[in-house]
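The values are calculated or read from the model by the stated rules, or taken from the named source; none is laboratory data. This structure is a prediction, so every number in the text was calculated from the model and none was measured. With ideal geometry, Cβ positions are generated from the backbone for all residues, glycine too; neighbour counts draw on all protein chains shown. Ligands, DNA and RNA are stripped out before the accessible areas are found, and what is left, the full protein with its side chains, is counted by its heavy atoms. Shrake-Rupley method; radii C 1.70, N 1.55, O 1.52, S 1.80 Å.
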Amino acid sequence: MKLSTRTRYGMRAILELAENHGKGALRLKTIARHQELSVKYLEQLMAILKSAGIVRSVRGPKGGYALAKSPGQIRVSDCFICLEGPVITTECVEDDSYCARAEDCVTRQVWAQVQKAVMDVLCSMTLQNLADMASSDKDPDYQI
């Protein structure tokens with residue numbers, strides 16, 4: 001499974017918003033500079049995240065983008081699904097009628113477990129967890 005650039009870059013931008021939560025909105029130029037992203041691409045990502053209710057835009061001289069809720073209320077899975085779409089390892093895991101062998105297929109069981117494990121990790125974490133990890137990144141023994 002390979003994540004799209006949209007997901008990787010989008011999560012970096014969201015993490016920056018989480019780390020700055022409560023300090024006011026961040027301008028796209030600031031996020032783009034810190035994350036080494038193009039402002040144009042970041043605009044597209046923020047539009048997607050805004051339509052999903054994950055971020056909000058703030059107008060005015062101190063405008064920019066901020067999280068729509070506190071970082072502890074936003075699950076990483078919500079951000080991931082917004083940017084990447086649902087986690088699907090194979091078509092047969094989602095739709096057992098996709099393959100006549102689905103019922104007896106051992107490998108299908110493996111792909112289902114992989115899919116569940118990925119979703120379990122994404123659902124178990126909030127943006128606050130990521131922000132805490134980022135601030136503790138110098139401590140290799142830090143755990144959620």
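Annotation: Cα Rg of the stretch 61-112 relative to the compact-globule expectation 2.2 N^0.38 Å equals 1.85. Based on protein heavy atoms only, the chain ends up with 64 Å² per residue of surface accessible to a 1.4 Å probe. Only protein heavy atoms count here; on that basis, with a 1.4 Å probe, Thr30 has an accessible area of about 30 Å². Taking all Cα pairs closer than 8 Å and separated by 6 or more residues, the relative contact order of the stretch 1-130 comes to 28 percent.
Relative to the first principal axis of the alpha-carbon coordinates of the chain, what is the inclination of helix 5-19, with its axis defined by its Cα atoms, in degrees from 0 to 90 and to the nearest 10? In the chain, helix 5-19 runs at an angle near 50 degrees to the longest axis. Rounded to whole numbers, the Karplus 3J(HN,Hα) couplings from phi for the stretch 124-136 are 7, 10, 10, 5, 5, 4, 5, 4, 5, 5, 5, 6, 9 Hz, using 6.51 cos²θ - 1.76 cosθ + 1.60 with θ = phi - 60°, and x at Gly and Pro. In vacuo Debye scattering of the chain, one point per C-alpha: log10 I(q)/I(0) at q = 0.11 Å⁻¹? Calculated log10 I(q)/I(0) at the listed q: -0.49. For the chain, carbon and sulfur atoms together expose 51% of the accessible surface, with a 1.4 angstrom probe and every protein chain in place. Ordered by solvent-accessible area of protein heavy atoms (1.4 Å probe), largest first, the residues Met119, Met133 come out as Met133, Met119. For the stretch 1-86, lysine pairs separated by 8 or more sequence positions, or belonging to different chains, with Cα-Cα distances below 20 Å total 10. Exposure check, 1.4 Å probe, all protein chains in place: Arg56 carries approximately 120 Å² of accessible surface. Proximity of backbone amide H atoms, modeled 1.01 Å from N, is registered between Val55 and Lys50, Ala68 at under 5 Å, excluding neighbours fewer than 5 places apart on the same chain.
Counting only protein chain heavy atoms and rolling a 1.4 Å probe, the accessible areas of His34, His21 rank, largest first, as His34, His21. Within the shell of other residues whose beta carbon sits under 10 angstrom from the beta carbon of Leu28, the net charge comes to +3, with Lys and Arg scored +1 and Asp and Glu -1.
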